[in-house]
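First comes the structure, then the notes that go with it.
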Amino acid sequence: MTDQGVILYGPPASGKDTITGELAELDERFTLVPKLKAGTGRSTGYRMVTAAELETLRGMRRLVVETSRYGNVYAVDRHDIEAMTKAGRVPVVHMGNVADLQRLRLSVPLEWTCVLLWAPREVCARRSRGRGDADRPARLRAWEETRADLAAHRDEAVFHLLIRTDETEPGRAARRIIDAVAEGPHRALPLSGLDHSSPASRAIT
């Protein structure tokens, strides 16, 4: 059986951390891949590294995805994913742009279930304010960038599942993802094909 993984894509405060926690509660195989982070700010959920350590891993070709945002550098280490799959776990990776999602999917040959998590700007702003993000304006700009990213790729077959996190309770969202993983293999669809009849889907772009 092909090893499986989950990619959660969405803007800041769309629910990636919350739903990852619910996945682990429902099925302990689902495990967050901690991104490497070189920089400052929040460290929860990250493996903090220096710029020199990041450069060493880059030279070893271990970085399958690398992104700069909020003045920091974020990366995914191939070895972290490989260790999880060898242990029988399902890696869960958080992504904020389609190019990185596609790069990860091509670089690491798992059976990936790609999930678009979405919430309106005002909902993400309220969540960001509630958790005390000091860089809230930058995160709201990232929300706008994510919407533009989706618009630019709306005709590409990227996602298997769309979940509106402002309308779906986290536990239910996690169960939908677990069911989708269990049903695999499955075909990715363009954004226009994901629940296209729903006003919630059309509201994304």
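The values are calculated or read from the model by the stated rules, or taken from the named source; none is laboratory data. Computed from a predicted structure; not experimentally measured. All Cβ positions, even for glycine, are placed from backbone atoms using ideal geometry, and neighbour counts span all protein chains on display. The protein model used for the area step is the full one, side chains on, heavy atoms only, and it has no ligands, DNA or RNA in it. Shrake-Rupley method; radii C 1.70, N 1.55, O 1.52, S 1.80 Å.
Couple of notes before you dig in:
- Only Lys, Arg, Asp and Glu carry charge here, each on its Cβ (+1 for the first two, -1 for the last two); on that basis the chain has a dipole of about 460 debye about its Cα centre.
- The loop-placed trypsin sites (Lys or Arg not before Pro) in segment 162-193, going by DSSP, that have at most 16 neighbouring Cβ atoms within 10 Å of their Cβ come out as Arg187.
- Two numbers describe the Cα atoms of segment 1-132: Rg and Dmax, which are 14.7, 43 Å.
- Here the chain is scanned for GluC sites (Glu not before Pro) in DSSP loops (not H, G, I, E, B) that have at most 16 other Cβ atoms within 10 Å, and the longest stretch holding none of them is 29-155.
- Solvent-accessible area per residue for the chain (1.4 angstrom probe, square angstrom): 49 Å²
- Taking Thr50, Thr20, Thr165 as the candidate residues, the one with maximal mean-square fluctuation in a Gaussian network model of the chain, Cα springs under 10 Å, is Thr50.
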